[in-house]
Each structure stands twice: as C-alpha cells, then as structure tokens.
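**Q** Quick one: structure below, then a few questions.
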Amino acid sequence: MTGPVIALSNHGRDDPMASKQPPMWDMDITKMMADFKVPGVDMDAVLQSQRRNIEALTAANQLAVEGMQAVSRRQMEILQQTMQEASSMMQDLMASGTPEEGVAKQAELVKTAFEKALTNMKEMSEMIAKSNYEAADVISKRISANLDEIKAAAKK
C-alpha cells in the first residue's frame with residue numbers, strides 16, 4: 001500500500017538557468033517607466049525630477065555626515081586639550097604653598113575650567129547647528145524646485 005506522492009519544489013536552485021536570471025533589484029526602473037504611458041504625464045520629466053530628489057537627499061546626507069565628522073574631530077581635540085590642561089592644573093595645584101593658596105588656586109582653576117567648558121559647548125552647538133542648516137537647506141531648495149516643477153507641469 002503506497003500513499004500519495006508529494007512533489008517538493010526546490011524553487012529552481014538546481015536549475016542552471018535560474019541563476020542566470022537577474023534578481024528583481026537589477027531592473028532598470030527608467031526603462032520600465034519609459035514604457036509606462038499616462039496621458040498628460042511626461043514620465044521622463046517625472047523620472048528626472050525624482051533623480052534630482054535623490055541627488056538632493058544624497059547631498060544632504062553627505063553634508064550631515066561631514067558635519068558630524070567635524071564635530072567628532074573637534075570633540076576629540078577638546079578632550080585631548082582638556083586632559084592636558086587638567087594635568088597642568090594638578091601640577092599647579094600641587095605646587096601651591098599654603099593651604100589658603102591651594103584653595104584660592106583651586107577656585108581659580110574651577111572657574112577657568114567651567115568657562116572653558118561653556119565655550120566648548122557653545123562651539124559644539126554652533127557646529128551642529130551649522131551642519132543641520134546646510135543639510136536642511138539642500139532639502140528645502142529641492143522642495144522649492146519640486147513645487148516649481150509641479151506648477152510648470154500643471155500649466156501644460
């Protein structure tokens with residue numbers, strides 16, 4: 001007595017022709033969209049507009065990355081400078097003579113360190129704001145251009 005035979009598919013893994021077919025992501029969207037005709041819509045213009053959108057996003061991302069790299073480099077410089085200054089401050093503090101001189105020196109060093117920290121924080125926030133502005137400006141200009149393109153297309 002034999003039961004039903006069930007055929008299992010291996011989804012073409014052993015088929016040499018299956019590996020020669022391009023994956024879905026290798027499709028040329030431009031060619032596919034060029035064949036897609038919609039009355040009153042210039043698909044080439046739509047594709048060019050989308051290409052410019054992607055270029056603007058790429059440029060904005062590049063500016064953001066460069067800005068964050070600059071911030072990271074500056075943070076590292078500040079850290080190194082702070083460590084050197086802390087070492088120097090400790091030596092100055094140890095060299096002070098009387099306990100009163102030590103307290104006065106310590107208060108002066110704390111004040112100096114606090115002012116330096118505020119200056120560094122202000123500098124870092126300005127760097128980040130500038131980077132954000134530059135990236136957002138690219139996107140803003142592209143949105144404005146997109147709106148102009150839509151107006152122009154609507155007039156046709």
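**Q** Return a single number: how many Lys pairs in the stretch 41-155, at a sequence separation of 8 or more or on separate chains, have alpha-carbon atoms below 24 angstrom apart.
**A** Final tally of qualifying lysine pairs is 7.
**Q** Continuing with the same structure: Report the gain in length on full extension from residue 43 to residue 108: 0.36 nm times residue separation, minus Cα-Cα distance, nm rounded to one decimal.
**A** Gain on extension, residue 43 to residue 108, equals 16.5 nm.
**Q** Among 79, 47, what is the fewest-to-most ranking by other Cβ atoms within 10 Å?
**A** Exposure proxy ranking, most exposed first: 79, 47.
**Q** Moving to a separate point now. Once the Cβ-Cβ distance between residue 52 and residue 82 is put in as r, and R0 is 30 Å, what FRET efficiency do you end up with, to the nearest 0.05?
**A** Given R0 = 30 Å and the Cβ-Cβ separation, E is 0.10.
**Q** Which number do you get for Rg(Cα) / (2.2 N^0.38 Å) in the stretch 41-155?
**A** Expressed relative to 2.2 N^0.38 Å, the Cα Rg reads 1.90.
**Q** Which order do the peptides 53-65, 91-103 take when ranked by the mean count of other beta-carbon atoms within 10 Å per residue, highest first?
**A** For the peptides 53-65, 91-103, the packing ranking is 53-65, 91-103.
**Q** Multiply the residue separation of residue 121 and residue 144 by 0.36 nm, subtract the distance between their alpha-carbon atoms, and state the gained length in nm to one decimal.
**A** Net length gain for the segment: 4.9 nm.
Every number in this text was worked out from the coordinates using simple rules, so none of it is lab data. Note that this is a predicted model, so its numbers are computed, not measured. Positions of Cβ are generated from backbone atoms using ideal geometry, with glycine treated the same way; all protein chains shown enter the neighbour counts.
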